[in-house]
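The values are calculated or read from the model by the stated rules, or taken from the named source; none is laboratory data. Only a predicted model underlies this, so the values are computations on that prediction, with no experimental measurement involved. Note that each Cβ is placed from the backbone with ideal geometry, even for glycine, and that neighbours are counted across all protein chains shown. Side chains included, ligands, DNA and RNA excluded: accessible areas come from the protein's heavy atoms. Shrake-Rupley method; radii C 1.70, N 1.55, O 1.52, S 1.80 Å.
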Amino acid sequence: MQIRRLREERGYSLEELAERSGLSFRGLIYIEHGRRNPGVLTILSIASGLNVAPARLFEDVSPATGEAETRR
């Protein structure tokens, strides 16, 4: 969800992020929908494509569940 949120904040389509990150369109869909867990190199590529620090991809994520936490 964080990747999608950051992508949409920047106004990038999935196709544009795929091009910017060097990843496949289909692979990004699977990652955004939680069907695939990205490896470290993929995370670095996505962060680079979004022009953010890799740590931004993990903001608001609970370490126990891996799911986004709600801000209070």
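Restricting to segment 35-51, name every residue that is open to solvent by 20 Å² or more (accessible area, probe 1.4 Å) and closer than 10 Å to Ile3 by Cβ.
Looking only at segment 35-51, we keep the residues that are open to solvent by 20 Å² or more (accessible area, probe 1.4 Å), and these are 35-45, 48, 51.
Pro38, Ile43, listed by residue number.
Could you please find all residues in segment 13-28 being in contact with a Lys or Arg (Cβ under 9 Å, 6 or more places away or on another chain) and part of a helix (DSSP H, G or I)? Walk me through it before giving the result.
Initially, segment 13-28 is screened for residues in contact with a Lys or Arg (Cβ under 9 Å, 6 or more places away or on another chain), giving 13-14, 16-18, 27-28.
Within segment 13-28, Leu14, Glu16, Leu17, Ala18, Gly27, Leu28 qualify.
Would you mind telling me which numbered condition in (1) assigned to a loop (DSSP other than H, G, I, E, B); (2) open to solvent by less than 50 Å² (accessible area, probe 1.4 Å); (3) at pLDDT below 95 Thr70 fails?
(2)
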